[in-house]
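The values are calculated or read from the model by the stated rules, or taken from the named source; none is laboratory data. The shown structure was predicted, so the numbers you read here are calculated from the model rather than taken from an experiment. FYI the Cβ positions are ideal-geometry reconstructions off the backbone, even for glycines, and counts take in every protein chain you see. These accessible areas exclude ligands, DNA and RNA; they are computed on the full protein's heavy atoms, side chains included. Shrake-Rupley method; radii C 1.70, N 1.55, O 1.52, S 1.80 Å.
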There are 2 protein chains.
Amino acid sequence: MDLRTLETLRAVRSQGGVTAAAAVLHLTPSAVSQQLAALTAEMGVPLTERVGRGLRLTPAGAALADAAVDVAVAVERARAACQGHRDSPVGTVRVSAFQSAAQLVFPRLLDTVAGWDGVTLECADEDVALADFPDLTDRFDVVVAHRPDGAADWPAGVRVVPLFREPLDVAVSPGHRLAGRAEVSPEELADEAWITVREGFPVAPVLAAVAARSGAAPRIAHRINDFTVATAMVAAGHGISLLPRHTTPAFAGVRLLRLTGVPAGRRVEALLRPDRAERRVVARVVGALTALAAEIDHRAGRAV
Amino acid sequence: MDLRTLETLRAVRSQGGVTAAAAVLHLTPSAVSQQLAALTAEMGVPLTERVGRGLRLTPAGAALADAAVDVAVAVERARAACQGHRDSPVGTVRVSAFQSAAQLVFPRLLDTVAGWDGVTLECADEDVALADFPDLTDRFDVVVAHRPDGAADWPAGVRVVPLFREPLDVAVSPGHRLAGRAEVSPEELADEAWITVREGFPVAPVLAAVAARSGAAPRIAHRINDFTVATAMVAAGHGISLLPRHTTPAFAGVRLLRLTGVPAGRRVEALLRPDRAERRVVARVVGALTALAAEIDHRAGRAV
DNA sequence: CCGTCCTTGCAGACTGGCTACATGGACCTG
DNA sequence: CAGGTCCATGTAGCCAGTCTGCAAGGACGG
């Protein structure tokens, strides 16, 4: 009954298999399998069962994995209690963010942290399907994620820190027939060619809601996940798109039109594993992140 | 940051030194010292400091040790959660009891547990000074301890399960001048020669209270810790003693007289470390123990 | 029915932790 | 004040646990 072994069990559950867990833990599948075998022997209860060519946790295994979360939290709390007798927290924090948030947040966050001795920040941009964001918390301490208004809550077991809400505007090229307008309604967009994200990604449901309001199925011309690329394509007149208001640069060559009649926006949140959240450095970075978010919110409020 | 290392830190604190901790953990002092060094290096904070030729935990070390208790509890809770998906708990439980309780309880407890598959009981008789009972929980899962009425509570951090209260009677030989009496008052015992336990042991304060009531300092003829030996000496007329009512056999050849005017008794309790208490087998054994205690209490109530 | 993917078993190498022994202080005692 | 004793701490060497690499056994899909 080792801390590493319990961590492995959790990874097997969250990643859904030995091989995937091994990848996250930087181990070989063989090592993971052996750890599971040893843990099962120690417990005297089968913790995993074969399902197809994969693997699933038994109820006993799931119960143990649940309890393992509390263990990990207790360990990190112990570490924090000890670090509390130090002048300031130190360590390295791994942060991931989806593309546009990364662009907005990483530079300033790195500026802030540069002034902290002993704290190193490892940044990575990771844009995944909505359902896959929580899994990223296995690899990162802080995961900056986004989900559209009205989407389901994140699953239990992941800690959520709200950062800011960002409206989605309709982006059109300067030469577009609606370019001079300040606002548009869904009905006016019925025949437009859309550039949107791949199926399952965070803002897709918003376009669906807009289309439902207009009555017609949206005509999707291109599927582009990277907002920078989408912006360039919109600017060149290859279609219109829903783009986040704050993370679309003013010099991008597109016009952003307020959308009326449909609440279109996304919530940007930080996702953390409970044990990681206990680390004092992590808490400090999250604090800086929320401060940054408050600033963005403030600026947004002033702009609107 | 290993579970074993945290356990070692706790042992160093509770045992008050590297050597003593090593003895409890079945390790060499060198191994304990190395674990402490590694843990200190990992934490980046001094956890121990030299005091004389011994060692003491720094505030940071104490905080870590405190938090380590929660870790150990979480681990045992995890184990229990897993064992909950098994038919019945198994494992081995180490129980210690002071001499007279051991005599009263061990045989019947072993009878009960004999019917449980996969559960083994390791019994040991350990009678130590009042202050040393809590430390025994490092070596045993369940420690049956006793303390006189009015004694201070056990220190925080140890879980206490009350078992029963046992009155202390005055034991005299059949030929003694008071042998025919049913009750005696402290004043009538002013000139008696006493057989009592060694200084610091659980019933010593009771005799002090009795003597204080009689006004004179007690004349202590012998210091005998084992009640069986004391009983034999009282029976032979070498003095009188305070003996527990229920654990003194009727055929011992002494007369037990109720003591009036002074609340003389001791509380018998089970002491457990919080993490050990989480083990399902341990909880089951404690359950059997309290059932036994209730039976003793009932019989006592009937007898009185 | 064959190819592919995933888990699992086995042999070998290696890292990490423990034991045994020696060293250096600190208290106690004569 | 000096020798003895106790305690913590380093050092060398051994042992065990664990990981890697490779091979085998099933299960799904074309």
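Out of the DSSP beta bridges found with both residues in the protein assembly as shown, what percent are antiparallel (nearest 5)?
60 percent
How far, in nm, would the chain grow between B:Gln103 and B:Ala179 when pulled straight, counting 0.36 nm per residue and subtracting the alpha carbon separation?
24.7 nm
Shielding by partners for B:48-60, please: the mean number of other protein chain Cβ atoms within 10 Å of each residue's Cβ. Could the numbers behind the result be given before it?
Values: counts 0, 0, 0, 0, 0, 0, 0, 0, 0, 0, 2, 3, 6.
Across B:48-60, the average partner-chain Cβ count within 10 Å equals 1.
Considering only DSSP beta bridges whose two residues both sit in segment B:165-266, what percent are antiparallel, to the nearest 5?
Of the beta bridges lying entirely in segment B:165-266, close to 55 percent run antiparallel.
Can you give the alpha-carbon Rg of segment B:3-83 over 2.2 N^0.38 Å, where N counts its residues?
Ratio of Cα Rg to 2.2 N^0.38 Å: 1.12.
B:Pro244: net charge of surrounding residues, Cβ under 12 Å, Lys/Arg +1, Asp/Glu -1, itself excluded?
It works out to a net charge of +2.
For chain B, report the % of Cα-Cα distances exceeding 27 Å.
Roughly 51 percent, once rounded to a whole number.
Nm distances between the label at B:Ala124 and the same-position labels in the remaining copies, 7 Å along Cα→Cβ, shortest first?
Sorted ascending, the copy-to-copy spacings read 4.9 nm.
Mind checking which helices in chain B clear 24 Å along their axis (Cα) and have mean Kyte-Doolittle hydropathy of 0.0 or more, DSSP H runs only?
B:59-83, B:280-303
Can you tell me the accessible area per residue over the protein assembly as shown, all protein chains present, probe 1.4 angstrom, in square angstrom? Show your work: numbers first, answer last.
Details: 26760 Å² over 608 residues.
Per-residue accessible area for the protein assembly as shown comes out at 44 Å².
Put a point 7 Å out from Cα along the line to Cβ at B:Gly175; what are the distances to that point in the other copies, in nm, shortest first?
Sorted ascending, the copy-to-copy spacings read 12.9 nm.
How far is it, in nm, from the label point at A:Glu199 to the one at A:Thr19 when both lie 7 Å from their Cα along the line to the Cβ?
Rounded to a tenth, the inter-label distance reads 2.3 nm.
Find, to one decimal place in angstroms, the Kirkwood hydrodynamic radius of segment A:134-185, where the mean of 1/r is taken over every pair of different Cα atoms and then inverted. Show your work: numbers first, answer last.
On the way: mean 1/r = 0.0685 Å⁻¹.
For segment A:134-185, the Kirkwood estimate is 14.6 Å.
Per-residue counts of other Cβ atoms within 10 Å, averaged by peptide: what ranking do you get for A:167-174, A:100-107, highest first?
Values: A:167-174: 21.6, A:100-107: 19.4.
The packing order, highest mean first, is A:167-174, A:100-107.
Name the chain A residue with the Cβ nearest the axis that maps A onto B: which is it, and what is the distance in angstrom?
A:Ala74, 2
Return the calculated 222 nm mean residue ellipticity for the protein assembly as shown, to the nearest 500 deg cm²/dmol, obtained by summing -39500 (n - 2.57) across DSSP H runs with n ≥ 4 and dividing by the residue count.
Calculated from helices alone, the mean residue ellipticity at 222 nm is -13500 deg cm²/dmol.
What FRET efficiency would be calculated for the residue pair B:Asp111, B:Arg299, taking the C-beta separation as r and a Förster radius of 22 Å, to the nearest 0.05?
Values: r = 17 Å, r/R0 = 0.76.
Using R0 = 22 Å, I get an efficiency of 0.85.
Starting from 0 in steps of 10 Å, tell me what percent of the Cα-Cα pairs of the protein assembly as shown lands in each bin.
Going out from 0 Å in 10 Å bins, the protein assembly as shown shows 3, 13, 17, 17, 14, 11, 9, 7, 4, 3, 1, 0, 0 percent.
Tell me which residues come under 5 Å, amide H to amide H, from B:Phe164 once H is placed; ignore anything under 5 positions away on its chain.
Distant-sequence amide H within range of B:Phe164: B:Val268.
Please report the antiparallel percentage of DSSP beta bridges with both residues in chain A, rounded to the nearest 5.
60 percent
Could you check the spin-label model distance between A:Glu122 and B:Thr58? Points 7 Å from the Cα along Cα→Cβ, value in nm.
For A:Glu122 paired with B:Thr58, the spin-label model returns 2.8 nm.
Excluding ligands and nucleic acids, what accessible area in Å² is computed for A:Thr5 using a 1.4 Å probe, to the nearest 10?
Roughly 20 Å² of A:Thr5 is accessible to a 1.4 Å probe.
Please list A:His222, B:His26, B:His238 from largest to smallest accessible area, probe radius 1.4 Å, with all protein chains kept in place.
B:His26, B:His238, A:His222
Amide H to amide H, which residues 5 or more places from A:Trp116 or on other chains are under 5 Å from it, using H placed in the peptide plane?
none
Report the accessible surface area buried between chains A and B, summing both sides, using a 1.4 Å probe on protein heavy atoms only, in Å² rounded to the nearest 100.
2100 Å²
For A:Glu49 and A:Asp132, what does the FRET efficiency come to when R0 = 25 Å and r is the distance between their Cβ atoms, rounded to the nearest 0.05?
The formula returns an efficiency of 0.55 here.
If the chain between B:Ala208 and B:Ala190 were fully stretched, how many nm would it gain, using 0.36 nm times the residue separation less the Cα-Cα distance?
Contour length minus the Cα-Cα distance gives 5.3 nm.
FRET efficiency for A:Asp87 and B:Arg258, Cβ-Cβ distance as r, R0 = 60 Å, nearest 0.05?
0.40
Highest mean first, how do A:68-79, B:123-134 rank when packing is the count of other Cβ atoms within 10 Å averaged over residues?
Descending packing order for the listed peptides: A:68-79, B:123-134.
I'd like the residues of segment A:70-84 whose 1.4 Å-probe accessible area shrinks by no less than 10 Å² going from the isolated chain to the full set of protein chains.
Buried by the other chains: A:Asp70, A:Val71, A:Ala74, A:Val75, A:Ala78, A:Arg79, A:Ala81, A:Cys82, A:Gln83.
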